[in-house]
Amino acid sequence: MTRRALVVGAGIGGLAAALGLARQGLEVEVFERAPRLQEFGAGLQLTPNATRALARLGGLDSARAAAMSPRAVRVLRGADSAELARLSVAEAERRWGAPYLTIHRVDLHQALADAAAATGAVALHFDSEVVGVVSEPDGAAVVVRRGGNENREPGEAIVGADGLRSLVRGARGVSDAPRFSHRVAFRATVEAAWVAPRWRENEVTLRLGPRAHLVHYPLRNGAIVNLVAVIESSWRGAPGDDPWDGEADRAALDRAFRDWSDDARDLIAAAQGWRAWPLMLRPPLDRFAFGRMALIGDAAHPMTPFLAQGAAQAIEDAEALARQLGARQDAVTALAAYSSDRAERANRVQREATMQGRIYHLTGPFALARDLTMRVLGPEGMLRRLDWLYAG
């Protein structure tokens with residue numbers, strides 16, 4: 001009998017899950033309300049825990065072809081670009097058993113879509129909005145709206161990869177609306193030729209300052225430089241008005257970095273196409289599966305980007321979900337096992353990312369203490385603090 005999984009959402013988590021489930025012998029239907037794959041976005045850091053899971057899913061080789069392998073992560077003081085730490089990640093495979101990569105989100109998205117399509121077992125439906133879900137003892141179904149028509153699509157399991165405002169999560173009947181984290185992230189890419197040569201080097205650079213930080217690194221074989229700036233903000237929007245790709249308040253961005261080094265301000269000035277999104281959180285869940293429904297990625301555990309783990313944790317979810325559904329014929333039992341595998345770890349990462357954000361944005365004497373602590377720990381001490389995450 002053919003086993004059929006229903007994936008709601010064709011983001012990175014949804015496509016990674018589709019790839020993994022297909023490789024476990026399931027037929028997979030993916031429903032995406034957008035008319036096509038995303039054509040916008042910026043860079044991602046694929047830390048070793050993410051690339052390990054991606055390898056198990058069968059997607060690492062195609063992703064790696066579009067990625068770069070940074071030599072190090074450099075931490076600089078925002079005010080004067082003084083180096084606080086330099087962590088070598090060139091030997092990531094030796095230390096953690098998997099590579100450390102950087103990649104454009106669009107390229108990873110396309111690599112996953114191509115790998116999923118190559119299995120012959122994944123059907124990707126665009127312009128298909130899931131408006132209802134059903135989980136019953138003998139089966140599951142989603143209600144899909146295409147144009148003016150609604151159809152019921154049956155399967156044995158529903159995978160909610162539908163993001164922050166997940167309909168699948170809402171089907172639990174519990175109200176836990178997203179809340180603003182009081183931080184807004186700005187992202188842009190800039191042609192490498194417009195950036196000083198030292199900032200085109202194949203390294204991830206993290207600059208720390210009061211109530212803000214800036215990350216930059218090259219992408220696409222050094223052709224462009226990715227920039228992400230996060231600032232504290234009193235942004236207010238109507239419920240649901242938290243666009244992932246909204247218009248950037250350039251004046252607010254410039255104000256947040258006006259007292260930073262010339263290097264930092266030059267990088268920000270070089271990029272003209274800044275986009276912004278408010279960083280949102282939802283309360284942690286003690287389990288990620290409910291009957292024949294499971295949540296992955298932001299639907300399960302939206303997190304701030306301070307550990308570069310949003311996409312990484314979605315990929316880990318996808319690998320664990322596929323592995324458990326492949327090992328067990330009963331979907332309810334398999335999804336419960338997936339939840340047991342993932343909830344504690346993902347919730348810890350969510351908490352640690354929030355704490356890391358507070359550390360990044362310290363001010364005054366607390367920032368001085370942070371900087372001194374990094375120097376006392378040294379590169380090896382700081383890397384040891386990441387072993388639990390990257391080797392997990």
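The values are calculated or read from the model by the stated rules, or taken from the named source; none is laboratory data. These numbers come from a predicted model, not from an experiment. Neighbour counts are summed over all protein chains in view; Cβ atoms, including those assigned to glycine, are modelled from backbone coordinates with ideal geometry. To get the accessible areas, we keep the full protein, side chains included, count just its heavy atoms, and leave off ligands, DNA and RNA. Shrake-Rupley method; radii C 1.70, N 1.55, O 1.52, S 1.80 Å.
Suppose we keep just the alpha-carbon trace of region 302-390; what are its Rg and Dmax in angstrom?
17.3, 57
Using the heavy atoms of the protein chains and a 1.4 angstrom probe, tell me the accessible area per residue for region 22-157 in square angstrom.
Values: 6030 Å² over 136 residues.
Ligands and nucleic acids excluded, the result is 44 Å² per residue.
Report, largest value first, the span of the C-alpha coordinates of region 54-126 along each principal axis, in whole Å.
Projected onto the principal axes, the Cα atoms of region 54-126 cover 52, 30, 14 Å.
Okay, which of region 19-42 sit inside 16 Å, backbone N to the point 7 Å along the Cα-Cβ direction of Gln329?
Only 25-26 fall inside the zone, counting backbone N under 16 Å.
Within the P(r) computed for region 1-130, what percentage of the Cα pairs occupies the region above 19 Å? Spell out each step's value before the answer.
Details: 4572 of 8385 pairs.
Beyond 19 Å sits 55 percent of the P(r) for region 1-130.
Express the carbon and sulfur contribution to the solvent-accessible surface of the chain as a percent, rounded to the nearest whole number, probe 1.4 angstrom. Mind dumping the intermediate values first?
Working: 8140 of 16680 Å².
The C+S portion of the solvent-accessible surface of the chain is 49 percent.
Determine, at each q value in 0.22, 0.30 (inverse angstroms), the log₁₀ of I(q)/I(0) that the Debye formula gives when each Cα of region 300-345 is one equal point scatterer.
Result of the Debye calculation: -0.72, -1.06.
What are the equivalent ellipsoid semi-axes of the chain, built from the alpha-carbon gyration tensor (square roots of five times its eigenvalues), in whole angstrom, biggest first?
Details: eigenvalues 259, 95, 79 Å².
After scaling each eigenvalue by five and taking roots: 36, 22, 20 Å.
May I have the convex hull volume per residue, in Å³, for the Cα set of region 256-368? Before the final figure, lay out the partial values.
Numbers: hull volume 15.4 nm³, N = 113.
Taking only Cα atoms, region 256-368 has a hull volume of 137 Å³ per residue.
Once you place label points 7 Å from the Cα toward the Cβ at Ala369 and Glu247, how far apart are they in nm?
It is 4.2 nm.
Report the gain in length on full extension from Ser234 to Leu164: 0.36 nm times residue separation, minus Cα-Cα distance, nm rounded to one decimal.
Numbers: separation 70, 0.36 × 70 = 25.20 nm, distance 2.01 nm.
Full-extension gain reported as 23.2 nm.
In Å, what is the Rg of the alpha-carbon atoms in region 249-320, and how long is Dmax?
When restricted to the Cα atoms of region 249-320, Rg and Dmax are 17.8, 55 Å.
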